[in-house]
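Enquirer: Shown below is the structure under consideration.
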Amino acid sequence: MDPPPQDLPLDELVTQIRHEAARILGWSQRQPQGCTNNDLERLCEAQGIAHLPETYCRVMRSVGRTGLDEVLSKKATYEHVLKMKEPFASKAAENKQPVPDDAFVFDVVTETSFLFFRTGDHDDNPAVYLFETRTNFFRFTERLSDYLREVLDRNYRRQQVRVYRRYLNQYQYDPAGRSFYLLPQPDENPSLDRVREVIAGRWFWEKRQGCTEDELEALQQRQSVNCLPEVYCQLMLEIGRQSIEFVLGQGANFSAMMRIDKASLLQAAYPPDAFVLASQPDPYGNVFFVRTSGGKADPPVYVARPRGLYQAADCLSRFMLQRLDENTPRQNYHEDQWFRRPVHYDLDRDELLATI
């Protein structure tokens, strides 16, 4: 894997952006064209701000009229940015979400999401935020130059990980304090009560049907374990016959679990006290399980894949909250992390040990 672009002086960063724009424009025999100071003043007027950061001005003077659309999005050039704040403000108003007066919108990601930075404190290299109407605000990078530098990085895998990370930290704007504050993450304080709180607002909660104590005992016998985790039992008593599949995956309801073949699902060496959470692999062939010896109420979750075993989460309630997270990029990030902690089963010690 190539190393990521290093932190660059502003002159060199602008030069690289112009070279990248020229390289792409060369296919159509066009040349990069920058904005004038008058153009930049018109941008300030159009978006109702008094200052533009030097980092942004330097880039726009180089490729703001032609070329920036090849490096950022097709909407990032001068003509589009002139008219960009009005739809941003209207989308925010529709969703009753306050936005900063000093926001300068410089790019559009989708019809419902915009990139902006704040200008009120006259920072020449401000943080970049994403406004997403279906959720809220996310801080993409601490500096505009960081965002531009990352855009130049063509390593797809590294780009994807960065995108996932950006959506981890969600913010809300406080108009009274004129500042953003960080919202708690959905799985920040995992517990069964938190899981209940999340699923109580979902449509499938109304269709729930729980298991009986006798049925939980039957599940225990089916997989030949001595006990079941308390978090799992309580949830199955509430939604185990219907709706649990929206939390733990297809094949997690009682009827399907009574047909489970644990040995064929796990295949590789696994602990005898393993309890598989769904009767069929997920679409990617992953099989999730917990260990039941020791009587932990909220045990770690492991995943068996054709290539080995991994610790997916440090507790079952966190795993369920991550699966329930409706923020797709953040969910993708969590799923990526599930396979970052390889383990192996040591038969002599009867332990799942980290693989170095």
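Values in this text are rule-based calculations from the coordinates and carry no lab data. Keep in mind that what you see is a predicted model, and the values were worked out from it rather than measured. When we count neighbours, we look across all protein chains shown, and the Cβ atoms used for this are built from the backbone with ideal geometry, even at glycine.
Enquirer: Can you compute the charge dipole magnitude of the chain about its Cα centre, using +1 on each Lys and Arg Cβ and -1 on each Asp and Glu Cβ, nothing else charged? Give it in debye, rounded to the nearest 20.
Expert: 820 debye
Enquirer: Could I ask something else about it? With unit charges on the beta carbons (Lys and Arg positive, Asp and Glu negative) and the dipole taken about the Cα centre of the chain, which residue among Ser90, Leu130, Ser62 sits farthest to the positive side?
Expert: Highest projection toward the positive end goes to Ser62.
Enquirer: Right, next: Would you work out the charge dipole size for the range 1-153 about its Cα centre, treating the Cβ of every Lys and Arg as +1 and the Cβ of every Asp and Glu as -1, and quote it to the nearest 20 debye?
Expert: Numbers: 18 positive and 26 negative charges, 102 e Å.
Here the range 1-153 has a charge dipole of around 500 debye.
Enquirer: Using Cα positions and a limit of under 30 Å, work out the lysines in reach of Lys262, with same-chain residues fewer than 8 apart set aside.
Expert: Once the sequence-local lysines are set aside, what remains near Lys262 is Lys207, Lys296.
Enquirer: Considering only Asp214, Asp101, Asp69, give the residue with the highest GNM mean-square fluctuation for the chain, with springs between Cα atoms whenever their separation is below 10 Å.
Expert: Top of the fluctuation ranking is Asp214.
Enquirer: Another question, then. From Cα pairs below 8 angstrom and at least 6 apart in sequence, can you work out the relative contact order of the range 64-128, rounded to a whole percent? List each step's numbers first, then the result.
Expert: Values: 72 pairs, mean separation 15.2, N = 65.
The normalised contact order for the range 64-128 reaches 23 percent.
Enquirer: Classify the range 87-127 from the C-alpha gyration tensor, please: rounded if a/c falls under 1.5, else prolate or oblate depending on whether a/b exceeds b/c. Display every interim value, and only then the final one.
Expert: Values: a/c = 3.28, a/b = 1.58, b/c = 2.08.
It is oblate, given that a/c is not under 1.5 and a/b is not larger than b/c.
Enquirer: Report the one residue of Trp205, Thr15, Ser113 whose Cα lies farthest in the direction of the positive end of the charge dipole of the chain (charges on C-beta: Lys and Arg +1, Asp and Glu -1; origin at the Cα centre).
Expert: Thr15
Enquirer: Let's see if you can work this out: charge +1 on each Lys and Arg Cβ, -1 on each Asp and Glu Cβ, no other charges. What is the dipole magnitude of the range 192-354 about its Cα centre, in debye to the nearest 20?
Expert: Values: 19 positive and 23 negative charges, 84 e Å.
Using only the charged Cβ atoms, the result is roughly 400 debye.
Enquirer: May I pose another question? Putting +1 on Lys and Arg Cβ atoms and -1 on Asp and Glu Cβ atoms, find which of Ser293, Gly308, Gln280 reaches farthest to the positive end of the dipole of the range 274-336.
Expert: Of the candidates, Ser293 comes out farthest on the positive side.
Enquirer: Pick from Asn327, Asn226, Asn38: which is most flexible by mean-square fluctuation in a GNM of the chain where alpha carbon atoms under 10 Å apart are linked?
Expert: Asn38
Enquirer: Sticking with this structure for a sec: Classify the range 192-354 as rounded, prolate or oblate, taking a ≥ b ≥ c as the square roots of the eigenvalues of its Cα gyration tensor: rounded when a/c is under 1.5, otherwise prolate if a/b is larger than b/c and oblate if not.
Expert: On the way: a/c = 1.67, a/b = 1.18, b/c = 1.41.
Here the range 192-354 falls in the oblate category.
Enquirer: Restricting to Cα pairs below 8 Å that are 6+ residues apart, what does the relative contact order work out to for the range 10-182? Please round to a whole percent.
Expert: Working: 283 pairs, mean separation 30.9, N = 173.
Once divided by the residue count of the range 10-182, the mean separation gives 18 percent.
Enquirer: What whole-number distance in Å separates the alpha-carbon centres of the range 12-49 and the range 224-272?
Expert: So the separation of the two Cα centres works out to 57 Å.
Enquirer: Quick one: Cα centre-to-centre distance for the range 281-335 and the range 59-102, in angstrom?
Expert: So the separation of the two Cα centres works out to 39 Å.
Enquirer: Something else: Which angle from 0 to 90°, rounded to the nearest 10, does the C-alpha axis of helix 85-94 make with the longest principal axis of the chain?
Expert: The angle comes out at about 40 degrees.
Enquirer: I would also like to ask the following. Which angle between 0 and 90 degrees, to the nearest 10, do you get for helix 37-47 versus the longest principal axis of the chain when only C-alpha atoms count?
Expert: Once rounded, the angle reads 50 degrees.
Enquirer: Just to be sure I understand, if you calculate P(r) over Cα pairs in 10 Å bins from 0, in percent for this structure, which of [x] 5, 21, 25, 22, 17, 8, 3, 0; [y] 6, 26, 36, 26, 6, 0; [z] 5, 21, 24, 18, 16, 12, 5, 0 do you get?
Expert: [z]
Enquirer: Among Glu20, Glu197, Glu230, which one shows the biggest mean-square fluctuation in a GNM of the chain, springs joining Cα atoms closer than 10 Å?
Expert: The residue with the greatest mean-square fluctuation here is Glu197.
Enquirer: Work out from phi, with θ = phi - 60° and the Karplus expression 6.51 cos²θ - 1.76 cosθ + 1.60, the ³J(HN,Hα) of each residue of the range 316-324, listed in order in whole Hz, and give x for Gly and Pro.
Expert: Calculated HN-Hα couplings, in order: 5, 5, 5, 4, 5, 5, 5, 5, 7 Hz.
Enquirer: Using packing as a proxy for protection, rank 70-78, 255-263 so that the peptide with the highest average count of other Cβ atoms within 10 Å comes first.
Expert: For the peptides 70-78, 255-263, the packing ranking is 70-78, 255-263.
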